[in-house]
Every structure is written in structure tokens, then in C-alpha cells.
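Inspection log for the structure reproduced underneath, given as C-alpha cells.
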Amino acid sequence: MTQRLARPPRLTLAATTDAPNIVEVRRISKSYGNQIEALRDVSLAFPRGRLTTLLGPSGCGKTTLLKIIAGLIPADAGDVYVNGRVVTGPGPERAFVFQDFALLPWANVLRNVAFGLELRGMAKDEREALAAKYIRDVGLAGFEKRYPHELSGGMKQRVGLARALAVNADVILMDEPFSAVDEQTRRKFQEDLLQLLAVERKTVIFVTHSIEEAAYLSDQIVLLTRRPGTVAKVLEPRIDRSHGPEAVRRDPAYLDAVEEIWAMLKQYLA
Amino acid sequence: MRILGYRLPMPAALLLWGALWEIAGRLELVPILPPLSDVLIAMGQLVHTGQFWAGARTTLASFATGMGLAIAIGIPLGMLMGRIAMADRLLGMWVNLFASAPLTALVPVLMILFGLGSTTVVVTVTLFAVWIIALDTAAGMKHVNPSLLEMVRSFGASRWVIYGRILPLAALPEILAGIRLGLIRGVKGVVIGQLLVSIVGFGELFELYSRNFLMPEFWALTLFIFAFALVASEAIGWIEHRIEAYASSRS
């Protein structure tokens with residue numbers, strides 16, 4: 001709570017009224033050079049333990065926003081708060097999953113998954129035991145000694161996910177993680193992700209350009225406008241996930257969400 | 001190579017050229033070309049002389065030291081050029097110039113600076129090899145996948161880890177290619193350096209053989225050096241080949 005008191009006064013009201021938001025984005029703007037304005041005055045809240053997707057037309061700055069939250073690129077204006085602290089760079093409470101996997105090509109699966117822990121100086125035995133657990137959790141048991149070039153795209157992304165889970169960050173930032181894998185692998189991966197998150201209790205911020213993916217996975221969907229990206233709408237589809245992954249795709253709430261998003265995004269297609 | 005529909009392996013081609021050399025030598029077309037058999041006999045005799053081994057030791061030591069320096073200077077220099085645009089603008093021109101300049105002309109100047117000894121030879125090797133290593137390393141830096149660096153940063157890697165471990169490994173294929181090319185230039189450097197200084201290592205022997213017109217010995221020594229250059233560059237090539245799989249999967 002002491003950290004909350006250190007915030008600017010105009011924000012204290014928002015902070016004290018139910019404060020389950022682990023990540024808050026306040027009035028973020030970002031331009032590249034003088035020409036391209038990627039984000040304009042974006043404010044968002046990400047509830048703890050929920051999966052939020054950022055969805056919008058291509059070039060709307062969703063990946064830029066994700067990387068600003070990650071602390072990988074600085075914003076021109078505005079702040080990002082994680083657990084009440086201003087983000088000034090990458091931090092251990094956030095882990096990133098990359099669109100192109102970003103695995104170390106010279107290291108095997110075990111070392112790749114343990115990489116975040118290795119950077120934190122964890123002893124070899126300890127980090128490899130932890131990594132082995134997460135490799136099992138993402139369904140890659142038996143592939144510990146394989147190298148990235150021996151794996152399919154879907155398997156590489158499982159390695160990327162295991163690496164993000166292994167560092168035990170509160171927030172996992174995923175940048176179009178399934179866009180480079182085929183449709184069937186993607187569906188399986190989406191189902192597995194939901195099951196994993198039910199156990200791991202992470203907050204996930206997920207960038208995608210797939211409407212179905214957003215509706216299927218999300219507790220909260222943020223729709224961004226075309227460049228310069230601003231928040232067009234925040235949806236909270238109340239999808240009943242208790243009947244398993246298959247039932248979700250037939251849930252009326254899921255179908256409604258897909259319709260609503262499409263109606264909204266359609267206007268940006270010229 | 002194919003002759004009359006038969007695929008001939010590399011050694012067969014060598015045999016053919018060897019036979020031609022033997023015939024040309026026996027015909028005594030030019031006085032500096034003895035038959036290959038004489039050269040081979042001279043090679044056999046040479047390895048039994050202390051003179052040869054003393055020369056080989058000196059030469060190898062100069063070569064190894066010079067190459068070590070070239071690698072130790074070339075990789076950081078290339079990393080600087082590849083990562084920092086300012087450094088590339090300041091240094092790129094000079095590195096490119098030196099990489100293609102006829103550096104042999106500078107060796108007499110080096111002799112004045114470093115004396116008529118092994119130091120000059122070491123510096124010559126470094127001077128011959130360092131530029132191509134720097135250029136290839138710089139090219140490698142520019143090929144490093146940007147998201148790999150973002151990944152490393154997102155997990156909290158320090159600059160030290162990024163520059164000391166991640167970048168060199170990520171650019172390893174290009175760095176190795178640079179070292180292989182540098183190695184070949186380094187062999188040139190050690191021979192030219194020793195020839196010009198002419199009182200150390202193989203340079204002394206070359207001087208002795210050519211002055212006394214001992215052509216079989218002269219060619220024997222030349223073949224040894226060729227063989228060394230070939231083996232050394234093949235060794236690096238072998239390492240390059242081993243990491244080929246990862247090099248192709250980087251992007």
C-alpha cells in the first residue's frame with residue numbers, strides 16, 4: 001500500500017477502488033520518427049489472474065503497446081505500472097513470449113527453457129530441474145536434449161512458453177505467439193494454454209490479429225483503432241469455460257463475442 | 001571431375017596434376033622445376049633435419065601468436081562496427097581499405113618499427129588477418145535476429161552478457177568464416193614476413209635454398225606450408241559445417 005501512496009494524487013481514487021489490476025497503462029503515446037504515430041493516449045487496466053487480448057487492425061500498435069509494457073521500448077508519454085511500480089525497463093515480474101520464438105539456436109531445449117533462470121544466477125542443478133518440470137508441463141517431455149532447428153514451429157513456441165513460465169513471472173506477455181504455426185497446432189496450443197493457465201494462475205496480455213483466438217482465450221478483449229492506435233472498446237465476454245475447451249466454441253457468449261468484434265473491426269477494412 | 005563418364009574423386013585430380021608435374025620436371029623445361037619425385041624425397045629428408053623443426057617451431061609460434069592477436073582484436077573491432085553506427089562510419093572505411101590493400105608494402109616499415117625478428121613476423125600475421133575477421137564479425141552482428149536480443153533483454157541480461165556471450169555466439173557462423181579467411185591471409189603474412197626479415201624460421205630456410213639453388217628442398221618447404229594452410233582452413237571449415245544447422249535456423 002505504501003507504494004500506492006507514492007502515486008500521483010489524481011490516480012489514488014482509481015488505485016484504491018478495488019485494486020485487482022496488476023498492470024495499468026496510463027495515457028501512453030508513442031511515435032516512430034515524425035511520420036508514424038503508433039499509439040495515442042492509451043489507458044488500460046489489466047486485471048490480475050486474467051487473460052487480456054489486444055486486438056486490432058494490422059499496424060494499430062498492439063505489439064508496440066505490448067513491448068512498452070515489457071519495458072523493451074520506451075513510451076514518448078505516459079506510464080506503465082506493474083504491481084504499482086512504474087516500468088522503466090524489463091523486470092522479473094514480466095516474461096515475454098515472442099512471435100518468432102527467439103530461442104537460442106546454439107542451446108538445447110533444456111538450456112533454452114532454463115535461460116531466464118541462468119541469467120538470474122540460479123545454480124545449474126536447480127534451474128535444470130525447474131526447466132524440466134515446465135518442459136513436461138508444456139508437453140515436450142523427451143525433447144530436452146533437442147536443438148531448436150530440430151523442432152517444429154509449434155514445439156519451438158512451447159519452448160518459448162516454458163521459458164516464460166519457468167521464471168515464475170506474474171505477468172506473461174505474448175506477442176502473436178501462434179501466428180507462425182499452422183491452424184491445427186494453433187487450436188491444440190490454445191486449449192493447452194488455457195489448461196496451463198488454470199493451474200499456473202498468471203496474468204496474460206496477449207496480442208493477436210485473430211478474432212476467434214481472442215474470443216476463445218480472453219477474459220477481456222481490448223479493441224484498438226487503426227493507427228494511431230487508441231482504445232476503441234473493451235469487451236468482457238462471459239464465456240463459461242467449465243465444460244472444457246470443446247464446449248467453448250459452441251458457447252453463445254463466444255459466438256456473440258466473435259460477432260461483436262467483427263462488426264467493430266469491419267469498419268477499418270477499406 | 002568426370003573423365004570418360006567416370007566420376008573421379010579429388011585425390012585422382014591431384015594424381016593427374018602430380019603426374020604432369022613429374023613429366024614437366026623430367027623434361028627439364030625450366031630449371032626451377034625439379035620432378036615431383038625429387039621434391040617428395042626432399043620432403044622426406046627435410047622432416048629428419050633439426051633445421052626444419054626449429055624453423056617450423058618458430059614459424060608456428062609466430063603464426064599462432066599473430067592469429068591470436070588478430071582474433072582478439074578483430075572480433076571486438078567488428079562487434080563495435082556492427083553494433084554502433086558511429087564506429088562503423090569512423091572505422092569502416094579504414095578496415096575496408098586495409099582488408100584489400102597490398103599490405104606487403106608495409107612490412108619493411110614494420111621491420112624498422114619492430115626490428116629484424118619474430119615480432120615483425122607476428123605483427124605482419126596480425127596485420128594480414130585482422131581486417132577480414134573484423135569485417136565478417138561486423139556483418140555477423142548485423143545478421144543477429146533483433147528479437148533474440150529483445151528476448152535476452154526481457155530476461156534481464158546485462159550489457160556484459162549481451163556483448164560477451166550472446167552476440168558472439170549469435171554471430172558465430174560469420175565470425176568463423178572471418179577466422180577461416182583470416183587464417184589463409186595469416187599464412188601469407190607469416191611467409192611474407194619471414195621472407196622479408198629472412199633470418200627467422202622458414203624465411204631463413206627459403207633464403208638458404210633459393211640462394212644455393214636447392215630447388216627440391218625449396219619446393220618441399222613450399223608444399224609443407226600449402227598443406228598447413230589447407231589443413232588449418234579445413235579444420236575451421238569443419239567447425240563451420242558442424243554449426244551449419246543452427247546457422248540456417250537463425251532467422
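Odds and ends about this structure:
- A:R48-B:H143 FRET efficiency (beta carbon distance; Förster radius 60 Å; 0.05 resolution): 0.90
- Taken over the protein assembly as shown, the percentage of Cα pairs per 20 Å bin, counting from 0 up to the bin with the maximum distance, is 18, 38, 24, 16, 4, 0.
- Here the alpha carbons of segment A:100-168 define both size measures, Rg and Dmax, at 10.5, 30 Å.
- Environment charge of A:R238, counting only residues whose C-beta is closer than 12 Å and scoring Lys/Arg +1, Asp/Glu -1: -4
- Extension gain, A:N168 back to A:E246 (0.36 nm per residue minus Cα-Cα distance, nm): 25.2 nm
- Average Cα contact separation per residue, segment A:142-218, under 8 Å, 6 or more apart, as relative contact order %: 35
- Size estimate for chain B follows the Kirkwood approach: the inverse of mean 1/r over distinct Cα pairs works out to 20.6 Å.
- For chain B, the 222 nm mean residue ellipticity estimated from helices alone, with every DSSP H stretch of n ≥ 4 adding -39500 (n - 2.57) and the total spread over all residues, rounds to -26000 deg cm²/dmol.
- Net charge over other residues, Cβ less than 9 angstrom from the Cβ of A:R127 (K, R count +1; D, E count -1): -2
- Three principal axis extents describe the C-alpha atoms of segment B:116-166; from largest down they are 54, 19, 9 Å.
- Whole-number percent relative contact order across segment B:107-174, with pairs defined as alpha carbons under 8 Å at least 6 apart: 35
- Projecting label points 7 angstrom from Cα along Cα→Cβ for A:A123 and B:I199 puts them 6.1 nm apart.
- One chain, two ends: B:A19 and B:L40. Fully extended at 0.36 nm per residue, the span grows by 6.3 nm beyond their Cα-Cα distance.
- Here B:V161 and B:A87 are evaluated by their C-beta separation; at R0 = 22 Å the FRET efficiency comes out at 0.60.
- Amide hydrogen neighbours beyond the local backbone of A:M174, cut-off 5 Å, H modeled: A:V97, A:I205, A:F206, A:V207
- Net dipole in debye of the protein assembly as shown [+1 Lys, Arg Cβ; -1 Asp, Glu Cβ; about Cα centre; nearest 20]: 940
- Applying a length cut-off of 18 Å (Cα extent along the axis) and a mean Kyte-Doolittle floor of 0.5 to the DSSP H helices of chain B leaves B:10-26, B:50-83, B:85-100, B:118-143, B:172-197, B:215-242.
- Of the beta bridges in segment A:156-270, as assigned by DSSP with both residues counted there, near 45 percent are antiparallel.
- Averaging 1/r across all pairs of distinct Cα atoms in segment B:1-106 and inverting the result yields a Kirkwood radius of 19.0 Å.
- Dipole of the protein assembly as shown, positive end: most advanced residue of A:P105, B:I236, A:S179 [Cβ charges, Cα centre]: A:S179
- Positive-end residue of B:V95, B:V125, B:I225, charge dipole of segment B:47-249 with Cβ unit charges: B:V95
- Value of D in µm² per second that Stokes-Einstein yields for segment B:49-144, Kirkwood Rh from Cα pairs, at 20 °C (1.002 mPa s): 149
- The label-point distance for A:E183 and A:S58, in a model that sets each label 7 Å from Cα toward Cβ, rounds to 1.8 nm.
- Estimated FRET transfer efficiency (A:K133, B:Q51; beta-carbon r; R0 51 Å; 0.05): 0.20
- Between A:E191 and A:V86, the modelled label-to-label distance comes to 4.7 nm, taking each label 7 Å out from Cα in the direction of the beta carbon.
- Of the trypsin sites (Lys or Arg not before Pro) found in segment A:94-161, those in coil by DSSP whose Cβ has at most 10 other Cβ atoms within 10 Å are A:K145.
- Short-range pairs are left out: with C-alpha atoms under 8 Å and at least six residues apart, the relative contact order of segment A:100-168 is 48 percent.
- Summed over all non-identical Cα pairs, the Kirkwood treatment of chain A gives a radius of 19.4 Å.
- Residue with peak Gaussian network fluctuation, chain A [Cα springs, cutoff 10 Å], from A:P105, A:P90, A:P177: A:P105
- Global form of segment A:56-113, assessed from the alpha-carbon gyration tensor, a/c cut-off 1.5: oblate
Each reported figure results from applying straightforward, stated rules to the coordinates on display, with no laboratory input. None of these values were measured; they are calculated from a predicted model. All Cβ positions, glycine included, derive from the backbone under ideal geometry; neighbour counts span all protein chains shown.
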